[in-house]
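The values are calculated or read from the model by the stated rules, or taken from the named source; none is laboratory data. This is a predicted model, so every value here is computed, not measured. Every residue, glycine as well, gets a Cβ built from its backbone with ideal geometry; the counts of neighbours run over all protein chains shown. Areas reflect the complete protein model, heavy atoms only, side chains present, ligands, DNA and RNA absent. Shrake-Rupley method; radii C 1.70, N 1.55, O 1.52, S 1.80 Å.
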Amino acid sequence: MTQPQITVGILSGKEIEFSFPVKFSSSVGTEISGTQKVIYQDGKIHWQGKEYDELSFIPPQNAHAFFELKDVTIGINFHWERKEVQKFKGELKIIIEGEQLTAINVISIEEYLTSVISSEMSATASLELLKAHAVISRSWLLEKNKELRMKNEEFKRTLQKDSAANSSFFIPNSSFIKWYDHEAHRNFDVCADDHCQRYQGITRASTPQAIEAVSATRGEVLMYKGAICDARFSKCCGGAFEEFQNCWENVKHPYLIRQRDSKTEKQLPDLNIEAEADKWIRTSPVAFCNTQDKKILSQVLNNYDQETADFYRWKVSYSQQELSELIHQRSGIDFGQIIDLIPVERGTSGRLVRLKIVGTLRTLIIGKELEIRRTLSTSHLYSSAFVVDKEYEEKGHKEDKIPSRFILTGAGWGHGVGLCQIGAAVMGEQGYKYEEILSHYYPGSTLEKQYQ
Ligand SMILES: [Zn+2]
Ligand SMILES: [Zn+2]
């Protein structure tokens, strides 16, 4: 297999402006340079007085050739959202999507990865952490590759035989269980923002560490029994790994399994049991990700995130009014006053898979973890691994009373499945090699080179 190319959707609009500092050849046989503009009109691409269904602009055989795209929005939904001119190597493709145009960058996987690792990871990260991330990103991309994908689908079907393949379902009046998996794009492999992986072409110089991490792992992906792994990762597992089926579709992945995030402490209590989960979450057990080291945290969290250092164990407190309004607003369901939040089912990391919300007007069980996190926060609760304490204003029989305050004590940040970024950063800092980091977080997986 030669190095595959991937297609990255960069931006959409009625008009797209771009420029070529050197001569590019167009798919209609002309050579062009300088500033260009394409406009969507009546189902066609309008360019230089003619109409097209699709256009491509191919760079010359020059390793340094690039094109520029105007008005690329970066930091979507962040306080620093703005527009800028971005530079890209590789080919520019313009297609029609709905009632507008989309600019797509066609680029080699290794070139793409260098850019992604440079912009997603801090330059102070250890080389081994960057290598581990390069392998994860590459695995994720190649898993999308169509040829390999078919092989993978076949493999998944054999895995699914025993586990009941479920889909998101809704039973009115009793429970509301759903999950959110990554939605695929139809006309390109990945988009350029955080939905897939943040990609800014060569707008910012690649860091030497990212270049080294990508080239040292060139072509390497994580495999399990002949298929590329679904290499999930999250910010902080909270000390124990969650299993795949507790967050998404009911499929077991043998390399995404329960384990303690430690090499010295192998014991992991059964966190499906409420009393064990309660004890685990209220204490601060030894784990790779149990760290307050700002230097290590800054390797994984970008500046925006660094305000939060207490995510291994955290607390959130809501008044009765805050919580009942929040749940009403987020779920669209009026529970009245909230009487209780009762754990129904927990996963292997103590994350709640199902939570019962008891209100004065109605009672409902919700899940899975992301739905719980969305319902109990204006953005996202750090994780669904939490225990609930209630406070009451007046003394007397609690049974008759409405709690005045709910205190959520929790563990970890994100879904906790697969690689724990904080834990992996600590491992890298402690001198573990990327192969060791990957085999710790994806037990039983192997590293294989897919191309030279
Ligand atoms: Zn995307
Ligand atoms: Zn961890």
Exercise. How do the peptides 121-132, 174-185, 97-108 rank, highest first, by the average count of neighbouring beta carbon atoms within 10 Å per residue?
Worked result: 121-132, 97-108, 174-185
Seminar exercise, completed: A 1.4 Å probe over the protein heavy atoms gives the chain a carbon and sulfur accessible-area percentage of 48
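Counting Lys and Arg as +1 and Asp and Glu as -1, what is the net charge of the other residues whose Cβ lies under 14 Å from the Cβ of Ser175?
Once positives and negatives cancel, what remains is +3.
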For this session: Determine by what factor the alpha-carbon radius of gyration of the range 228-445 differs from 2.2 N^0.38 Å, reporting the quotient.
Result: 1.05
Problem set entry | Fraction of beta bridges assigned by DSSP in the chain that are antiparallel (%, nearest 5) | 90
Problem set entry | Local net charge near Arg405, Cβ-Cβ under 11 Å (Lys/Arg +1, Asp/Glu -1) | -3
Exercise. What value, in deg cm²/dmol to 500, does the helix sum -39500 (n - 2.57) over DSSP H runs of n ≥ 4 give at 222 nm once divided by the residues of the chain?
Worked result: -7000 deg cm²/dmol
For this session: Scale the Cα Rg of the chain by the rule-of-thumb value 2.2 N^0.38 Å and send over the ratio, two decimals.
Result: 1.08
For this session: Skip the ligands, DNA and RNA, and give the accessible area per residue of the range 228-445 with a 1.4 Å probe, whole Å².
Result: 42
Exercise. GluC sites (Glu not before Pro), restricted to the range 372-452: which are DSSP loop and have at most 15 other Cβ atoms within 10 Å?
Worked result: Glu393, Glu394
Problem set entry | Under 16 Å from the Cα of Lys87 - aspartates and glutamates, other chains or at least 8 residues apart | Glu17, Glu68, Asp71, Glu111, Asp193
Seminar exercise, completed: Set Lys235/Lys449; Lys93/Lys433; Lys93/Lys225; Lys14/Lys89; Lys263/Lys295; Lys14/Lys131, cut-off 29 Å on Cα-Cα distance; pairs above it are Lys93/Lys433; Lys93/Lys225; Lys14/Lys131
Problem set entry | Relative contact order, percent, the range 351-452 [alpha-carbon distance under 8 Å, six or more residues apart] | 18
Exercise. Where in the range 321-411 are there trypsin sites (Lys or Arg not before Pro) that are in a DSSP coil and have at most 12 other Cβ atoms within 10 angstrom of their Cβ?
Worked result: Arg362, Lys395
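How do 266-279, 285-298 rank on mean C-beta neighbours within 10 Å, highest first?
Working: 266-279: 15.0, 285-298: 17.9.
My ranking of the peptides, most packed first, is 285-298, 266-279.
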Exercise. Do any GluC sites (Glu not before Pro) in the range 1-81 lie in a loop, going by DSSP, with at most 15 other beta-carbon atoms within 10 Å of their beta carbon, and if so which?
Worked result: Glu81
For this session: Over the chain, calculate the relative contact order: mean separation of alpha carbon pairs under 8 Å at least 6 apart, over the residue count, as a percent.
Result: 18
